[in-house]
Structure formats: structure tokens, C-alpha cells
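J.: Supplied in C-alpha cells, the structure appears directly below.
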Amino acid sequence: MKRMKQRQTGAATMLVAAGMALAVGQAAAQTATIAVGAPVTSIDPHYHQLSPNNAVADIIFDRLVNNDAQSRNIPGLALEWRAVEPTVWEFKLRPNVRFHNGNAFTADDVAFTLQRLPNVPNSPSSFAAYARTMSRIEIVDPLTIRFHTPQPYPLLPLDMTNVRIVDKETAEGATTEDFNALRAAMGTGPYRAVTHRNGDRIEFERWDGYWGERAPFQRVNYRMVTNDAARTAALLAGDVDLIDQVPTSDVERLRRDQRVRLAEQVGLRLIFLGLDHLRAANENSPFITDNDGRPLGRNPLADVRVRRALSMAIDRRAIVERVMEGAAVPANQFLPQGVFGHVGDLPAIPFDPDGARRLLAEAGYPQGFRIQLNGPNDRYINDARIIQAIGQMWTRIGVRTAVEAQPWTTFVGRAGRGEYSAFLIGWGSNPDGSHPLRNIRATVNRDRGWGASNRGRYSNPQVDAMLLESLSELDQARRETLIVGAMRIAMEDVAVVPIHIQTNIWATRRGFEYTASVDEGTLAKRLRPAPR
């Protein structure tokens with residue numbers, strides 16, 4: 001009894017302390033502290049197409065074309081753009097913009113940046129696709145640049161939303177390590193990086209020479225706190241002002257807490273399973289055996305019936321309701337309804353364990369087989385719990401599943417090398433179906449910059465042909481028909497196994513407010529002192 005009273009007293013003391021911390025007013029608002037749930041692997045804005053990296057890059061650097069909270073294109077370093085000829089795009093650049101080192105921003109910096117994209121060594125997910133479409137870059141004058149393409153290319157402005165512009169003088173010859181050490185991290189963004197502790201934190205100072213709206217905070221501390229409980233505790237203790245990836249188990253409690261406010265938005269992040277398309281039907285897949293643990297001598301995942309069976313065995317609604325606790329919507333394809341390229345008449349994937357067993361038997365696996373399902377444990381909301389749930393569902397249809405969750409930095413490298421048979425991963429799309437097709441579904445092609453994140457090595461000539469045709473189609477209705485057609489083929493072929501689309505949730509303590517967005521990037525410019 002005495003020990004219980006001591007615990008209750010201690011808990012009460014902690015709650016009082018947290019309440020006092022949350023009540024701190026705007027007097028301390030010159031510094032904002034953000035805790036993010038996913039690690040940032042590099043400050044080089046061209047090293048790795050990864051949402052946490054891109055969010056940090058958008059604090060330091062700018063793009064020619066920016067996005068608003070609904071991912072609509074808005075002017076950035078370019079004031080306007082137009083196709084002056086069917087194969088020539090002209091961009092008028094913003095005048096009187098300077099980099100953090102004082103250098104003037106000009107068309108030379110844009111040209112240098114685009115030439116750098118395909119030449120970043122060891123990139124796990126390259127940005128090269130956004131430069132490969134250009135046959136020539138023409139600098140008309142210091143504030144006018146033209147991009148020549150071999151054929152009409154309607155997506156060039158959209159591509160520019162993925163490219164952060166660097167200072168040519170600073171970045172010429174610079175390595176990714178030079179960016180990580182902040183020697184080359186000179187942007188035109190609202191804040192400049194002053195400290196970087198890899199995997200731990202980044203500290204920023206306001207750049208008072210910024211061309212846009214003045215940043216609201218003098219300093220921003222950007223901490224990587226991958227443990228869910230620790231992130232929520234830091235918010236409640238007043239150690240941080242904003243957290244992202246709010247743990248689903250905490251959402252309802254925080255929603256009722258008057259000291260905290262939530263910002264929520266259904267996003268563009270699909271959580272899905274990648275499968276081994278690299279090995280042929282007569283080859284062993286690395287983490288698949290027969291029921292006695294012996295090599296099968298074949299790759300079951302090369303058979304669409306097996307892929308379809310594994311997809312049908314997943315109860316997506318149960319995952320959304322029990323694992324994600326409502327913070328997601330079940331998915332049957334890459335894009336949510338209303339996004340360009342969404343396949344409107346694609347049926348929901350049924351949860352049908354009996355049908356899955358029949359398909360396995362038809363494919364020659366009436367007794368199933370053994371498989372290992374891999375995934376990260378610190379990247380996506382409830383990632384380790386999701387693969388545990390899927391593993392149990394697969395085991396129930398006779399595919400005995402072992403589960404292994406690893407830190408993201410280990411997992412993503414192995415996934416990129418094609419070392420897994422089945423793995424959980426996510427993709428945050430631009431609001432255009434060509435984006436996931438080029439990066440995830442297209443056959444890996446370095447010359448075109450395709451398949452940069454196609455870690456399962458899926459390849460389908462029909463999908464490639466329709467994608468290629470769409471990329472030079474100026475008629476939007478015809479282009480969407482091609483994108484929808486390619487997406488339909490890939491999903492009916494079970495190129496990947498879609499699970500759900502995440503709801504993006506942020507939480508701030510009293511005195512701060514955050515603008516939720518369909519992209520999941522946690523951006524300092526979206527955090528502001530709350531109006532009184």
C-alpha cells in the first residue's frame with residue numbers, strides 16, 4: 001500500500017510538472033524544438049529520396065516550384081514557368097535572392113544542380129529521373145533558364161518540386177559528407193543549419209536574408225526521437241513544442257487534453273509490401289524455404305497467384321482499426337481518391353483466407369511454405385506491429401511467416417540491394433500517378449532514372465510502355481488514361497501489396513500551432529506561435 005501511494009504521488013508530481021511546462025507562454029517562443037519520429041540520413045538534398053531528408057532539405061534549401069499544404073504547385077525560386085515550344089520549358093527566376101553565404105542566386109546554380117543529380121555517388125534512391133528528361137539546359141540570362149526535352153514533357157514543372165537548388169560555388173566538387181558536415185549546406189531557405197549530429201539532432205538559425213516571409217523563430221532545434229513513447233513524453237514535459245508521427249495509441253488521449261492541439265490530414269503515404277521479383281521462377285528467393293527449412297528450388301513470388309493469395313490473406317480493415325487505431329484508410333492501389341492517376345473502378349482487395357488457400361493450391365503449394373517478412377521498426381507509424389499482424393495472417397493460410405524488424409538505416413540498405421523476399425515499406429507520392437510509377441513500378445533503368453526505389457525489381461514491359469507514352473503526352477485527359485491504365489496493370493499483377501494510406505498527425509503544445517498537410521514532411525515554416 002505504501003509503495004502504491006508513493007507511485008501515485010510520483011505520478012501526480014510528474015503531471016503537475018508537465019502541466020507547468022506546457023503552460024510556458026510565448027516569451028520562450030524565439031526557439032522552437034521539434035521532435036520527429038524518423039531519422040534523417042543525410043543533409044545532402046540530392047542523396048536520398050526520403051521524406052525525412054526532404055523535410056530537412058526544405059528548411060535549408062528552396063525549389064524552383066514549391067507546394068502548398070495540399071501539394072498544389074506554387075512559385076518558389078521561379079516566379080513563373082511556361083512551355084514556349086512543345087519541347088522547351090522556360091522558367092523566370094526570382095530576383096534578389098541570396099544563399100546563406102551571401103552569393104546571389106542565378107540560373108547557373110539551377111543548371112549546376114540539375115547536372116549534379118545523376119552524379120551523387122552511392123545514392124540509395126536517386127533524384128536522377130528529374131534531370132534525365134532534359135536534352136539541354138539553356139541559360140538565357142541570369143534570371144531566365146530554358147529546359148529542352150527530346151519530346152513534349154508535361155511533367156517538368158512537377159519534377160522541379162523534387163529538386164532543391166544548391167549554390168554552385170559552394171557545392172562544386174563537394175561530397176555528401178561535405179553537406180553532412182555543413183561545409184556545403186548553403187541554401188536560400190528560411191533557416192541555415194549550424195549544428196548537425198547525425199541521427200540525433202540538427203540546429204538551425206533564422207536566415208534574415210530570406211526572400212520570403214520572415215521565419216517566426218530565431219532558432220529551431222530539430223531532434224530525432226524514434227521511440228513513440230519518448231516523443232509523446234517530451235511533448236507533455238514541455239521539452240519539445242511539436243511532434244510528428246503521433247503514436248496512434250495516444251491520439252484520443254491527446255485530443256482530449258486542453259494543453260495540446262492536434263493537426264490531422266489524410267496523406268499521400270502508402271504503406272505496402274514489396275515482393276521479390278528479382279529472382280526468376282526457377283531460382284531460390286533468399287528468405288523462402290519449404291516447411292522443413294530446405295531451399296524450394298523456385299521462387300513462389302514469381303507466380304501471380306501466390307502474390308494474389310498473400311494479398312487476399314491480409315485483413316486491411318483490422319490493421320486500420322486495431323493496429324493503426326483508425327489513423328489510416330485501407331488501400332487497394334498507390335493513390336487515394338481524387339488524385340490524378342487514381343483508378344476509380346479498381347475493386348477493394350477482399351479479405352478471403354479460404355480463397356487465398358485455394359490460389360496457393362492452384363499454384364502448387366497446397367501445404368504452403370515458409371517465408372520471412374522484413375521491415376523497419378523506427379520509420380513508419382506502427383511499422384513493426386504491422387508486419388507482426390501480417391505475419392500472423394499469412395501463417396493462418398499455411399504460409400508460415402517469421403518476422404524481423406530492423407532499424408531503418410540497416411533495413412533500407414538491404415532492401416535496396418534486393419536482399420529480401422518480402423518487406424514492408426512506404427512511399428509518399430506527389431499528387432500525380434506518374435510519380436510512383438516512375439520510382440516504384442518502372443523497370444530499373446539508370447539512363448532514364450526509372451525505378452530508383454523499385455526495391456522488389458518489378459518489371460512489366462506494358463507498364464513501361466504506357467508510362468513512357470504518358471510522359472510525352474500534353475493532352476491531360478489522354479495522359480491520365482495512360483497513367484490509369486499502367487496503374488491498373490501493375491495492381492492487377494500484384495506488383496506490390498498495398499496495405500493502407502496513413503493519416504498524418506502532428507501535435508503541438510499550447511502556444512504553438514502547426515499547419516497539417518497531405519505530404520508528411522515536418523517543416524519548420526509550418527510551425528508558428530499560436531495567436532492569442
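The values are calculated or read from the model by the stated rules, or taken from the named source; none is laboratory data. Model, not experiment: these values are computed from the prediction. Don't worry about glycine lacking a Cβ; one is built from the backbone with ideal geometry, like all the others, and counts go over all protein chains shown. The accessibility values were calculated without ligands, DNA or RNA, using every heavy atom of the protein model including side chains. Shrake-Rupley method; radii C 1.70, N 1.55, O 1.52, S 1.80 Å.
J.: Of the conditions (1) at pLDDT below 95; (2) farther than 27 Å from PRO157 by Cα; (3) open to solvent by less than 20 Å² (accessible area, probe 1.4 Å), PRO531 fails just one. Which one is it?
T.: Among (1) at pLDDT below 95; (2) farther than 27 Å from PRO157 by Cα; (3) open to solvent by less than 20 Å² (accessible area, probe 1.4 Å), PRO531 violates only (3).
J.: Can THR144 be described as at pLDDT 95 or above, under 24 Å from the mean Cα position of the chain (by Cα), of a type in the set (Val, Ile, Thr) and surrounded by fewer than 21 Cβ atoms within 10 Å (Cβ to Cβ)?
T.: no
J.: Might you check whether a residue that is closer than 30 Å to ALA495 by Cα and outside any loop (DSSP other than H, G, I, E, B) occurs anywhere in the stretch 224-247?
T.: no
J.: Right, something else. What is the number of the single condition among (1) out of contact with any Lys or Arg (no Cβ under 8 Å at 6 or more places or on another chain); (2) open to solvent by less than 30 Å² (accessible area, probe 1.4 Å); (3) among the β-branched types (Val, Ile, Thr) that ILE397 does not meet?
T.: So ILE397 meets the others, but not (1).
J.: To continue, here is another question. Would you mind telling me which numbered condition in (1) touching a His at 6+ places or on another chain (Cβ under 9 Å); (2) farther than 23 Å from ARG438 by Cα; (3) in contact (Cβ under 8 Å) with a residue 60 or more places away in the chain VAL163 fails?
T.: Going through (1) touching a His at 6+ places or on another chain (Cβ under 9 Å); (2) farther than 23 Å from ARG438 by Cα; (3) in contact (Cβ under 8 Å) with a residue 60 or more places away in the chain one by one, VAL163 breaks only (2).
J.: Please enumerate the residues belonging to the stretch 300-329 that are in a loop (DSSP other than H, G, I, E, B) and surrounded by 15 or more Cβ atoms within 10 Å (Cβ to Cβ).
T.: Within the stretch 300-329, ASP303, ALA313, ILE314, ASP315, MET324, GLU325, ALA327 meet the criteria.
J.: Would you mention how many residues in the stretch 389-407 are of a type outside the set (A, V, I, L, M) and in contact with a Leu (Cβ under 9 Å, 6 or more places away or on another chain)?
T.: Adding up the residues that qualify gives 5.
J.: Given the condition within 24 Å of ASP378 (Cβ to Cβ) and touching a Lys or Arg at 6+ places or on another chain (Cβ under 9 Å), answer yes or no: does some residue in the stretch 205-218 qualify? Please lay out each step first, then the result.
T.: So in the stretch 205-218, the residues within 24 Å of ASP378 (Cβ to Cβ) come out as none.
No: zero hits.
J.: Test each condition in (1) over 19 Å from LEU114 (Cβ atoms); (2) at pLDDT below 95 for TYR191 and report the one that comes out false.
T.: (2)
J.: While we're looking at this one, here's another question. In the list GLY274, GLY209, which residue meets the criterion of being in contact with a His (Cβ under 9 Å, 6 or more places away or on another chain) and either of a type in the set (A, V, I, L, M, F, W, C) or at pLDDT 95 or above (or both)?
T.: That would be GLY209, the only listed residue that is in contact with a His (Cβ under 9 Å, 6 or more places away or on another chain) and either of a type in the set (A, V, I, L, M, F, W, C) or at pLDDT 95 or above (or both).
J.: Then there is this: Within the stretch 172-215, work out how many residues are of a type in the set (Val, Ile, Thr) and assigned to a loop (DSSP other than H, G, I, E, B).
T.: Counting residues in the stretch 172-215 that are of a type in the set (Val, Ile, Thr) and assigned to a loop (DSSP other than H, G, I, E, B) gives 2.
J.: Out of the residues in the stretch 510-524 that are buried (at least 20 other Cβ atoms within 10 Å of the Cβ) and of a type in the set (Val, Ile, Thr), state the one that is modelled with the lowest pLDDT.
T.: Here the residue is VAL518.
J.: Hey, another quick one. Is one or more of the residues making up the stretch 280-299 assigned to a strand (DSSP E or B) and surrounded by 14 or more Cβ atoms within 10 Å (Cβ to Cβ)?
T.: Within the stretch 280-299, the first condition is being assigned to a strand (DSSP E or B), and the residues that meet it are 288-289, 295.
Add one more test, that the residue is surrounded by 14 or more Cβ atoms within 10 Å (Cβ to Cβ), and what stays is 288-289.
There is at least one residue in the stretch 280-299 that is assigned to a strand (DSSP E or B) and surrounded by 14 or more Cβ atoms within 10 Å (Cβ to Cβ).
J.: Just need a number here: residues in the stretch 190-233 that are open to solvent by less than 20 Å² (accessible area, probe 1.4 Å) and of a type in the set (S, T, N, Q).
T.: The total comes to 1.
J.: Taking the stretch 150-189, which residues are open to solvent by 30 Å² or more (accessible area, probe 1.4 Å), closer than 30 Å to THR87 by Cβ and either aliphatic (A, V, I, L, M) or in contact with an Asp or Glu (Cβ under 6 Å, 6 or more places away or on another chain) (or both)?
T.: LYS168, the sole residue that qualifies.
J.: Would you pick out the residues in the stretch 248-276 that are assigned to a strand (DSSP E or B), over 19 Å from the mean Cα position of the chain (by Cα) and of a type in the set (Asp, Glu)?
T.: Within the stretch 248-276, none qualify.
J.: If we keep just the residues of the stretch 449-471 that are in contact with an Asp or Glu (Cβ under 9 Å, 6 or more places away or on another chain) and assigned to a loop (DSSP other than H, G, I, E, B), which is most open to solvent (accessible area, probe 1.4 Å)?
T.: Here the residue is ARG457.
J.: While we're here: State the number of residues belonging to the stretch 250-277 that are of a type in the set (Lys, Arg) and in contact (Cβ under 8 Å) with a residue 12 or more places away in the chain.
T.: Residues in the stretch 250-277 being of a type in the set (Lys, Arg) and in contact (Cβ under 8 Å) with a residue 12 or more places away in the chain: 3 in total.
J.: In addition: So, ALA111, is that one among the aliphatic types (A, V, I, L, M), more than 22 Å from the chain's Cα centre (by Cα) and part of a loop (DSSP other than H, G, I, E, B) or not?
T.: No.
J.: If you go through the stretch 359-393 one residue at a time, how many are part of a helix (DSSP H, G or I), free of Cβ contacts under 8 Å to residues at least 40 places away in the same chain and either of a type in the set (Asp, Glu) or open to solvent by 70 Å² or more (accessible area, probe 1.4 Å) (or both)? Lay out the reasoning, then the answer.
T.: Quick first cut of the stretch 359-393, residues part of a helix (DSSP H, G or I) only: 359-362, 383-393.
Narrowing the set further to residues that are free of Cβ contacts under 8 Å to residues at least 40 places away in the same chain leaves 361, 384, 387-388, 391-392.
Still in the running and either of a type in the set (Asp, Glu) or open to solvent by 70 Å² or more (accessible area, probe 1.4 Å) (or both): 388, 392.
Residues that pass the stated criteria total 2.
J.: Then there's this: Hey, any hits in the stretch 159-171 for a residue that's of a type outside the set (A, V, I, L, M, F, W, C), outside any helix (DSSP H, G or I) and at pLDDT 95 or above? Full working, then the answer.
T.: Start the filter on the stretch 159-171 by keeping residues that are of a type outside the set (A, V, I, L, M, F, W, C), which leaves 159, 161-162, 164, 167-170.
With outside any helix (DSSP H, G or I) added as a condition, the list becomes 164, 167.
Retained after the next criterion (residues that are at pLDDT 95 or above): 164, 167.
For the stretch 159-171, residues of a type outside the set (A, V, I, L, M, F, W, C), outside any helix (DSSP H, G or I) and at pLDDT 95 or above: present.
J.: Does GLY355 qualify as being of a type outside the set (Val, Ile, Thr) and over 21 Å from SER470 (Cβ atoms)?
T.: It is true that GLY355 is of a type outside the set (Val, Ile, Thr) and over 21 Å from SER470 (Cβ atoms).
J.: Of the residues ASN66, ASN53, ASN122, ASN103, which is out of contact with any helix residue (DSSP H, G or I) (no Cβ under 9 Å at 6 or more places or on another chain) and within 30 Å of TYR222 (Cβ to Cβ)?
T.: Step by step, each of ASN66, ASN53, ASN122, ASN103 is checked, and only ASN53 is out of contact with any helix residue (DSSP H, G or I) (no Cβ under 9 Å at 6 or more places or on another chain) and within 30 Å of TYR222 (Cβ to Cβ).
J.: For the subset of the stretch 25-84 comprising residues that are of a type outside the set (A, V, I, L, M) and part of a helix (DSSP H, G or I), which member is surrounded by the fewest Cβ atoms within 10 Å (Cβ to Cβ)?
T.: Top of the filtered list is GLN26.
J.: Okay, moving on. Please list, ordered by first then second residue, the pairs with beta carbon atoms under 9 Å, 6 or more apart or interchain, first in the stretch 409-432 and more than 24 Å from PRO336 (Cα to Cα) and assigned to a helix (DSSP H, G or I), second open to solvent by less than 10 Å² (accessible area, probe 1.4 Å) and among the β-branched types (Val, Ile, Thr).
T.: Matching pairs, first to second residue: PHE411/ILE425; VAL412/ILE425; ALA415/ILE425.
J.: While we're looking at this one, here's another question. May I ask you to list the residues in the stretch 486-509 that are surrounded by fewer than 19 Cβ atoms within 10 Å (Cβ to Cβ) and either of a type outside the set (Val, Ile, Thr) or out of contact with any helix residue (DSSP H, G or I) (no Cβ under 7 Å at 6 or more places or on another chain) (or both)? Walk me through it before giving the result.
T.: Residues of the stretch 486-509 surrounded by fewer than 19 Cβ atoms within 10 Å (Cβ to Cβ): 488-489, 492-493.
Result: ARG488, GLU492, ASP493.
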